[in-house]
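Just below is one structure, and these are the notes that go with it.
The values are calculated or read from the model by the stated rules, or taken from the named source; none is laboratory data. In this text the structure is predicted, and so the values were computed from the model without any measurement. When we count neighbours, we look across all protein chains shown, and the Cβ atoms used for this are built from the backbone with ideal geometry, even at glycine.
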Amino acid sequence: MSSRPLEEAMDRAERALLRIERAIERGAMHDGRDDKLRANVASAIAELDSIIKEAGR
């Protein structure tokens, strides 16, 4: 069984986590952008959910 799809899914998950971290950092620096930050985090979490589901196949 090839682990390549799992490796690719983990790479995408790592990139999503980095985007979350950057969004949090930007949000902490600019008050009043909570809605944008929440949307970014929600999007990243949705992507992580998708990656986890794909990796489980």
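Looking at 51, 45, 24, which one is modelled with pLDDT under 80 and among the β-branched types (Val, Ile, Thr)? Steps first, please.
On the way: 51 fails: modelled with pLDDT under 80; 45 fails: modelled with pLDDT under 80.
Only one candidate passes the filter, namely 24.
Within region 46-57, the residues that satisfy the criterion of being free of Cβ contacts under 8 Å to residues at least 24 places away in the same chain, under 18 Å from residue 15 (Cβ atoms) and not acidic (Asp, Glu) are 46, 50, 53.
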